[in-house]
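Colleague: Handing you this structure, nothing more for now.
The values are calculated or read from the model by the stated rules, or taken from the named source; none is laboratory data. No experiment lies behind these values; they were computed from the predicted model shown. Please note: Cβ atoms are built from the backbone with ideal geometry, for glycine as well, and neighbour counts cover all protein chains shown.
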Amino acid sequence: MNTDTSPVLPGATLGVLGGGQLGRMFVLAARRLGYRTVVFAPEQDPPAGQAADRTVRAPYADLDAVERFAREVDVVTFEFENVPVTAVRAAERHAPVRPSRALLHATQDRLREKRALSSLGLPVAPFAPVREESDLRPALLATRAPAVLKTSGSGYDGHGQRRVGTDEGLAAAWDELDRAPCVLEALVDFRDELSVVGARGLDGEVALYEPFMNRHANHVLDVTLSPAPVPGVVRDAAHEMTRAVLEAFDVVGVLCVEFFLLHDDSLVVNEVAPRPHNSGHVTIDAHRCDQFEQQVRAVCGLPLGSTRQVVRHAATANLLGDLWEDGTPDWPALLADPDVALHLYGKSAARPGRKMGHLTVTGRTIDDAERRARAARAVLREGVARSASSTGRLSAVSARSAR
Ligand code: AMP
């Protein structure tokens, strides 16, 4: 393993495993700091590749290609957690991979992750493994109904999850999930969802953003508010837990801890993302140093930047593929508001639920920022509806709004 600890200075080449929007925003931040970038991704025309100096297109299982890629760069990071550990191991032979494989390994499997978090003394919802039929009854006894059955591996944004209330319901849900290895988790009665993005440098320095408050729709992040309107004790507790994860895994890079905030203001850790997070996109327009620049600094062994929010209050709304349902969103109408910051990820196919971009606005208060973000996003659809009506395409729009 390559354990070189000298800083990787601007002018050097950074490698990213993964080609999605998180890689794209990392690459853009790296370029701003004068680095060259190489993206490794299996798919054609990946969002990160559009912004990088070079893209290596190969499957992660092609370990020779991974090794050639790693030889070309000075440090490697990853932009999603399902990069196979074998690929990371191959890359490590030629360049430091940051954060380390240990964090990736723990977060690739929900059961491993929950066990690791509870062994650190962090509060998680009661959980139990479901690997075979005989696990079903004891699992529901351990968590009690209602509960959520989640696949252990490769789940994201609520995919591979079923709510269950009875033994029969659990058995049926497990069948629906193809009897894959699962975790049963108690359903948490939360008042809000929070996240903390944190960075840790090569020298152990830690930088934490104030918590964000996250609103989900259909299990997918919809709107993020920054800073989360929560008492200082909640912020401090969320920070302490995030720091504990950063230090326990000896992280060099950026991660995000997602929390449930309960009605008594206590916190339960939902999950850990070993990379920048969708909720942290707000930092690009609202904070002194955004989560992607922070990732560049951390993996390059440079001092971390300030996490101070320079424009209070801010809200980010995700733009999902659904917005394209009736035609191209009305970008000019959106941008007619000069205060809207628009980010599009360069994805050509807009499928429902697919994250295509986001927008960020600021407000006098956090409620004002949330209202403005939702209103700005609504403009995108309204414009399409107007132009559809003038070209005789009104029927689909009015049929939907009549429902
Ligand atoms: P996840 O993919 O585990 O982050 O889940 C996506 C979303 O589903 C979360 O952000 C919550 O809104 C909801 N969810 C997941 N697990 C639970 C739980 N144990 N109790 C209540 N809601 C949950």
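Colleague: What about P126, is it in contact with a Ser or Thr (Cβ under 7 Å, 6 or more places away or on another chain) and not hydrophobic (A, V, I, L, M, F, W, C)?
Modeller: Criteria met by P126.
Colleague: Taking the stretch 119-153 on its own, how many of its residues are within 30 Å of E240 (Cα to Cα) and within 16 Å of the ligand (Cβ to nearest atom)?
Modeller: So the count comes out to 19.
Colleague: For A217, are the conditions met, namely being without any contact (Cβ under 8 Å) to a residue 40 or more places away in the chain, out of contact with any helix residue (DSSP H, G or I) (no Cβ under 7 Å at 6 or more places or on another chain) and more than 24 Å from A139 (Cβ to Cβ)?
Modeller: In short, yes.
Colleague: Then there is this: How about the stretch 242-284: which of its residues are part of a helix (DSSP H, G or I), surrounded by fewer than 19 Cβ atoms within 10 Å (Cβ to Cβ) and of a type outside the set (D, E)?
Modeller: Result: R243, A244, A248.
Colleague: Going through R162, R215 one at a time, which residue ends up being within 12 Å of the ligand (Cβ to nearest atom) and in the same structural domain as V254 (by TED's automatic domain parsing)?
Modeller: The unique qualifying residue is R215.
Colleague: Follow-up. Going by the structure shown, is P181 over 23 Å from L221 (Cα atoms) and surrounded by fewer than 19 Cβ atoms within 10 Å (Cβ to Cβ)?
Modeller: Taking the combined requirement at face value, the residue satisfies it.
Colleague: Taking the stretch 63-89, which residues are without any contact (Cβ under 8 Å) to a residue 60 or more places away in the chain and aliphatic (A, V, I, L, M)?
Modeller: Of everything in the stretch 63-89, those that are without any contact (Cβ under 8 Å) to a residue 60 or more places away in the chain and aliphatic (A, V, I, L, M) turn out to be L63, A65, V66, A70, V85.
Colleague: Same structure, new question: Can you tell me which residue in the stretch 285-312 is surrounded by the fewest Cβ atoms within 10 Å (Cβ to Cβ), limited to those that are touching a strand residue (DSSP E or B) at 6+ places or on another chain (Cβ under 6 Å) and of a type outside the set (A, V, I, L, M)?
Modeller: Here the answer is Q309.
Colleague: Can you pull out the residues in the stretch 133-156 that are more than 23 Å from S266 (Cα to Cα) and touching a Pro at 6+ places or on another chain (Cβ under 9 Å)?
Modeller: Within the stretch 133-156, D135, A139, T151, S152, G153 qualify.
Colleague: Among the residues of the stretch 176-185, write down those that are more than 30 Å from D250 (Cβ to Cβ), within 14 Å of the ligand (Cβ to nearest atom) and outside any loop (DSSP other than H, G, I, E, B).
Modeller: Across the stretch 176-185, the qualifying residue is only L184.
Colleague: Considering only residues that are of a type in the set (A, V, I, L, M) and part of a helix (DSSP H, G or I), look in the stretch 48-60 and name the one that is surrounded by the most Cβ atoms within 10 Å (Cβ to Cβ).
Modeller: The qualifying residue surrounded by the most Cβ atoms within 10 Å (Cβ to Cβ) is A48.
Colleague: Another question, if that's okay. State which residue is surrounded by the most Cβ atoms within 10 Å (Cβ to Cβ) when the search covers only the stretch 200-241 and only residues that are part of a helix (DSSP H, G or I) and not small (G, A, S).
Modeller: Across the stretch 200-241, the extreme among qualifying residues is M241.
Colleague: Could you check how many residues of the stretch 315-343 are within 24 Å of the chain's Cα centre (by Cα) and of a type in the set (F, W, Y)?
Modeller: Selection size over the stretch 315-343: 1.
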